[in-house]
Amino acid sequence: MKQTETDLRRHRCRGPQLLLLERDDGNDDEAGDEVEQELTELQQEPKITLHVSTGWTASKTMRVAAKVGQHDIVVLIDSGSTYNFISEKIANLLQLPVVPTEPFDVTVANGSPLKCKRRFDHVQILLQGIPFSLNFYSLPLIGLDLVLCVQWLEQLGTVVCNWKKITMEFQWQNQFQKLQGINA
């Protein structure tokens, strides 16, 4: 079923979620070089704060329409979170190849832990026609398909946001780019 931009604008999330990503160092005696490199990357105090609710977009966030393959998706750009996440549902739908990763816990605001076990590298996404190849960790997200965070924003360099008009402007691949957010 193909979603139109009108469908995306009518999209209503179930309710607010606040997630905090915490690394569990557990037993890593047999960790390979790739796992050690990943753990080094995760030592930046990884976290995710999803400000998603029905009818509003919190400050420091913006929802935008995008495409992965032939699928129209909803992306939350969240400058308050550390790593990029993809919903388990979308990852399964896209049949993305899984990269082995050391499992780590994501703590939801109510204290319930979620286990992040899968990583997906070089996922091709068209963000309003702008191509990106990004890495994601999967979580059971509700009401969102992708969350782009500081990990993505840092690649862009200088970004000018107009929160009143819900726009982001930046240089990407030597071209001026502008993203238009979806009104809640």
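The values are calculated or read from the model by the stated rules, or taken from the named source; none is laboratory data. These numbers come from a predicted model, not from an experiment. Every residue, glycine as well, gets a Cβ built from its backbone with ideal geometry; the counts of neighbours run over all protein chains shown.
Things worth noting here:
- Residue that is surrounded by the most Cβ atoms within 10 Å (Cβ to Cβ), among those in the stretch 68-89 that are of a type in the set (Ser, Thr, Tyr) and modelled with pLDDT under 90: 81
- Residue 154 meets all of the listed conditions (1) surrounded by 13 or more Cβ atoms within 10 Å (Cβ to Cβ); (2) within 25 Å of residue 174 (Cβ to Cβ); (3) charged (D, E, K, R) but one, namely (1).
- Assessment of the stretch 41-56 against the conditions (part of a helix (DSSP H, G or I) and at pLDDT below 90) yields at least one matching residue.
- In the stretch 132-184, counting only strands (runs of 3 or more DSSP E) that sit wholly within it, the ones holding 2 or more residues that are farther than 30 Å from residue 95 by Cβ span 159-162, 167-172, 175-180.
- Those residues of the stretch 132-151 which are surrounded by fewer than 15 Cβ atoms within 10 Å (Cβ to Cβ) and in contact with a strand residue (DSSP E or B) (Cβ under 7 Å, 6 or more places away or on another chain), in sequence order: 133, 140
- Criterion violated by residue 83 - all others in (1) in contact with a helix residue (DSSP H, G or I) (Cβ under 9 Å, 6 or more places away or on another chain); (2) of a type in the set (Phe, Trp, Tyr); (3) not in a loop (DSSP other than H, G, I, E, B) satisfied: (3)
- Qualifying residue in the stretch 106-118 (condition: of a type outside the set (Gly, Ala, Ser), modelled with pLDDT of 90 or more and either within 14 Å of residue 144 (Cβ to Cβ) or part of a strand (DSSP E or B) (or both)): no
- Residue 67 out of contact with any helix residue (DSSP H, G or I) (no Cβ under 8 Å at 6 or more places or on another chain), of a type in the set (Lys, Arg) and touching a residue at least 12 places away in the same chain (Cβ under 8 Å): yes
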